[in-house]
1. Could you pull out every whole DSSP H run in chain A that spans at least 20 Å of Cα extent along its own axis and averages 0.5 or higher on the Kyte-Doolittle scale?
2. Could you tell me which of rounded, prolate or oblate describes segment B:259-329, using a ≥ b ≥ c as the square roots of the eigenvalues of the alpha-carbon gyration tensor, with rounded for a/c under 1.5 and, failing that, prolate when a/b is larger than b/c and oblate otherwise?
3. Among A:PHE41, B:THR307, A:LEU269, which residue has its Cα furthest toward the positive end of the charge dipole of the protein assembly as shown, with +1 on Lys/Arg Cβ and -1 on Asp/Glu Cβ?
4. If you count, for each residue, the other Cβ atoms within 10 Å and average over each peptide, how do B:143-150, A:86-93 line up from highest to lowest?
5. Mean shadow of segment B:1-65, computed from the convex hull of its alpha carbons, in nm²?
6. If you take each beta carbon of peptide B:293-303 and count the beta carbons of other chains within 10 angstrom, what is the mean?
7. For B:VAL68 and B:LEU243 in one chain, what is 0.36 nm times their gap in residues minus the Cα-Cα distance, to one decimal in nm?
8. Rounded to the nearest whole Å³, what is the per residue volume of the convex hull around the Cα atoms of chain A?
Amino acid sequence: MNDARRRILAWSEQGALAPERTEAALRLAGVLPAPRDWRPFLERLLLGGGVLATTSGVVFFFAFNWAALGHYAKFALAELLLAAALLVYARAANDSLPGRAALLAAALLAGALFALFGQVYQTGADPWQLFALWAAAILPWTLVGRMPLLWLLCFALLNLAVALYFQVRTGSFLWLLTASRQFWSLFLLNLLALAGWEAASLRGAAWLQGRWLPRLLALACGGSLTWLVVLRLWDDPARSLLPALLAYAGWNVLVYGYYRRYRCDLFVLSAALLNLVVVVAASLGRLLLDRGGEAGAFLLIALVVLGLSAAGGAWLKQVTQEVRP
Amino acid sequence: MTPNDSLLWRQLQAAGLAEGDCPAASAAPPWFTRLALGIAGWIATLFLLGFLAVGLEFLFRNEAAAVVAGLCLCLGAAALFRRPELGDFPAQAALALSFTGQVLLLVGLGEVLDPGELGMALLVALVEGTLLVLVRQHFHRLACAAVAALALAYAGGELRLFPLVPGFLSLALVAVWALELPQARHGALLRPLGYGLTVAALAVQGSLLAPQLLQEFGWHRWSPAAPALPWLGLGLRGAALLLLVALLLRRARVGWQQRPALAAFAATLVLLLTAAKAPGLLLGVTLLLLGFGAGNRLLLGLGLAGTLGYLSHYYYALQLTLLRKSAILTGLGLLLLAGWWLLRRHGDRLAGGDHA
């Protein structure tokens, strides 16, 4: 749909297609929805929005911690809602929209239940444990549900658990500025998730063919590794830079090998290019500006960044031409 | 020309919508590639500014020199982008030079004119708006549109009219996106303008969830002579959504007196009233409808991301208690579910047989 849209709008801009015919052309190409297409879209919007808003309302309610309710009543309410959502899922047709919406609601309500448990019993557990337990609890539903959105929730919870674990260890969000195991952990976690997803998608299941989730995972992998390298550059390079650089090089080889040669994905390649620009700029900055920046050093780095991004852009354009049949 | 281009062109010809030979394939890369290259251009800009600050520091001490240098860089970049076959390196360099020039120009003008905060915001909007038209590069135009819109939002805050800003932004983005197809020939200007306004609208909506930020600037107060300002703001958002619904109905060739149209307007009004205390959701719905109605998946994605982001930060909004927020969201959720049920059960009757 996006390719046809891009082509038709480009032809209109060039003047090859009359402006008054653009809409008709888009309709013919199936880009613009026909009147009959609105109903399924609105049903999804209303159901998805309704489930999200209602579940959020329930989560907010328990967060307010309404003192008038006794503990048993609170748990009864939370568990009743969770059971109702699971019942809807069990009775709904396979892969139906209401069924999937109910499963998503159940996954979110599970988190509300854990939060309530922590509030009521004051177990002294750290925040990261809530998210880790939440992810573990919904994992069986995620495996059964065959919903990329549910997998996204699961991965997001695991990432949050890792981040909060290290926040507890350092005492504040200054962990963002201290390179060490947290970014290695995030990189490895997301790399594992990405590898698993791509391997599973090669089996051909239709629900695994969407690209948005693996792209987000690749973004998370590249982003955490890039940040790790940049922090190592400014930390104590002699001791700790080499492993980060080796991992970074390995990641780029992997990206090129898989996302260029095997399964061309322009999004991942574009993100990898940007990460490379950041790493090169940070490396040159460390090398040339550390002892007091001179004007020439700034200009040199700017030119290198421009050259690298231009070369990368030209390469991506060439790949785009190959990919677009 | 590629095989798929040729096939599509033949289909259009068969339907009487196109004539002549199939045009050459568009070489424009996808949006994420342009975004990545644009960000790389910004990184180069930072180092160029460093070069100017260290090597030509007189530019930052002499306001007139800053204005002249900034103007030269911006106009030079604009001229470069008008060349039909611009290479990749000159294109990236022109992008970085233009951004550098804008910083110099605005810093210089600010020093020369000393216009105060309101004046500076309007000056930024004027400069960025002018460059939006002059410089023919997608990411550059998007950035100019976003910055100009945010500058006008800032000016609105300074004038104690901040409650109206999200509504005006919503109206503007609906108007621009509505023109995308009828004015397809100007798509190179309209699309980046639309995306820039969308980014600005999402950013402004996000800022409303941080009242301490608004208090920092004093924008949380408005004139006692205009107590209805927040309601007027809500009215503007509602007007944007109703306008969008009207345009989509017209595009689907549904008469406003017909049952589907009446149902759509009624549902929009109900949504407006229910979401009055969670207005960020209205922006999300606007973007989702815009995206689906125009077959624009990026806009759909932004609408979804904006809605989810708003919900996740709504929790921390201090204007209302958690209990009230819970009631608002649960009520809204049940209403949406009721709407879903109605559509499933009575959709055929609402559609009147032929439509939807």
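1. A:35-64, A:71-91, A:97-121, A:127-145, A:148-170, A:181-201, A:212-233, A:237-256, A:266-289, A:295-323
2. Since a/c reaches 1.5 but b/c is at least a/b, the shape of segment B:259-329 is classed as oblate.
3. A:PHE41
4. B:143-150, A:86-93
5. Mean orientational projected area (segment B:1-65, Cα hull): 8.2 nm².
6. Going residue by residue through B:293-303 and averaging, the value is 3.
7. Gain on stretching B:VAL68 to B:LEU243: 58.6 nm.
8. 203
Each value in this text was obtained by applying a stated rule to the coordinates, not by laboratory testing. This one's a predicted model, so the numbers in the text were calculated from it and none came from an experiment. Every residue, glycine as well, gets a Cβ built from its backbone with ideal geometry; the counts of neighbours run over all protein chains shown.
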